[in-house]
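The values are calculated or read from the model by the stated rules, or taken from the named source; none is laboratory data. Everything numeric here is computed off the predicted structure, so don't read it as measured data. Don't worry about glycine lacking a Cβ; one is built from the backbone with ideal geometry, like all the others, and counts go over all protein chains shown.
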Ligand SMILES: [Zn+2]
């Protein structure tokens, strides 16, 4: 059995290393084997990754070294593997609410721990050494917010170096003087690939190192590696890859690392339809990062034309979460046609783990140049102000049994309660108020609450941006707001 396993290992490794083998396709197919099962959503914490890092200390080939602490005393650990000449430094989540790549790094650690790929690793780690600093901002991750515990954006502290996390990142950078650096972030899910009707699901950047955006040898290598990654990922997310703004930012880490001689590659995870927890994009990160490591190890990027990078469209902003098109609205005597664009922002709860949505009417009018994650043509529907349900004053305790269908079908998005609960949100898809004296005019920047009728009948209600089809026995999703 052992011999058979050894032969199999050699065969698999040889296949992976051969020129014609599609490494990325192999990663795509085998991902579930390596996915770190204890991480299931975006809001995992430092305490969730600590046992995984602890485990790596006992994993052959891996070295784990504590390199510092966050403001609130959470350990920052550098994980390394490999003894090749070319050093690659990867750091993630300097913005606490950008965790997609951190999850992928733990998938990658599992992949690199799989002894059945040994011959491939012997080859790989004869060429490169990998250094990972996962979750640079654990205090931000604790609250799932961008900034650190001082409320400073670490990516604007690369020059002044006032925060412990920024100092650690810079110290590790200085100690390694790596040839390549990977700066791993998440971007707005509402970025589009240029003006195409596609989400920018992954955006790359070879950061500029000066205002003139010159390209020297260091930046050129970033451009070439990105060219390879663009091609490798296009088979999985065709048309969904963009380029992040290349304006020089002298306070940011990527721009400075590029200036200080490390070929730096920014990877931003954006949005993907029906993937709110970004688990598919986590898989794409897994493929992208391993693909990058391989192209650096086998130097296949060195013959890649700059043209690929130069032709990648820039991030743009043509996306709403929801667009409802061709609605008829009556303004006084006028009847006019409008599209309505609605966004739903996640507002984190105090526990840093759960969240509610806050809606906003983001635009009104002709939105034909925009598109929505949910995008509906509602020609023939009339949009009207929502009402407040007046038949009854509800007690908080009875809210879980209320008949939402009955309330919706009367054109209501708000109910009156005898007492308002704490906070800003209602857990149910209904808005709560103390009286019926509520202005429900549909206004830009205000929460999205209104009713859609066809032939005089309420067919849809929009409650705090959640579109509800008004049908009996339906399960209604979403959360409302508390109107104070
Ligand atoms: Zn970021």
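Against the test of being in contact with a helix residue (DSSP H, G or I) (Cβ under 8 Å, 6 or more places away or on another chain) and surrounded by fewer than 18 Cβ atoms within 10 Å (Cβ to Cβ), the options 276, 250 yield a single qualifying residue, 250. Taken over the stretch 430-439, residues that are in a loop (DSSP other than H, G, I, E, B) and crowded, with 20+ Cβ neighbours inside 10 Å amount to 1.
Evaluate the following for residue 203: is it within 28 Å of residue 290 (Cβ to Cβ), within 13 Å of the ligand (Cβ to nearest atom) and surrounded by fewer than 22 Cβ atoms within 10 Å (Cβ to Cβ)? Considered against the rule, which asks whether it is within 28 Å of residue 290 (Cβ to Cβ), within 13 Å of the ligand (Cβ to nearest atom) and surrounded by fewer than 22 Cβ atoms within 10 Å (Cβ to Cβ), residue 203 comes out as no.
Considering the stretch 302-318, and only residues there that are in contact with a strand residue (DSSP E or B) (Cβ under 8 Å, 6 or more places away or on another chain) and part of a loop (DSSP other than H, G, I, E, B), the residue that is surrounded by the fewest Cβ atoms within 10 Å (Cβ to Cβ) turns out to be 317. Tallying residues that are under 19 Å from residue 188 (Cα atoms) and either within 16 Å of the ligand (Cβ to nearest atom) or not in a loop (DSSP other than H, G, I, E, B) (or both) within the stretch 238-271 yields 17.
Residue count for the stretch 115-161 under the criterion of being within 15 Å of the ligand (Cβ to nearest atom) and at positive phi: the result is 2.
Pairs are defined by a Cβ separation below 6 Å, a sequence spacing of at least 6 or placement on different chains, a first member in the stretch 139-168 that is surrounded by 17 or more Cβ atoms within 10 Å (Cβ to Cβ), and a second member that is at pLDDT below 95; the pairs so defined are 142/352; 143/352; 144/348; 144/352. The residues on offer are 73, 126, and the sole one that is free of Cβ contacts under 8 Å to residues at least 12 places away in the same chain and surrounded by fewer than 24 Cβ atoms within 10 Å (Cβ to Cβ) is 73.
Results for (1) surrounded by 16 or more Cβ atoms within 10 Å (Cβ to Cβ); (2) at pLDDT 95 or above; (3) away from the ligand (no atom under 16 Å from the Cβ), shown as yes or no for each residue.
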position	(1), (2), (3)
186	yes, yes, no
211	no, yes, yes
217	no, yes, yes
228	yes, yes, yes
236	yes, yes, yes
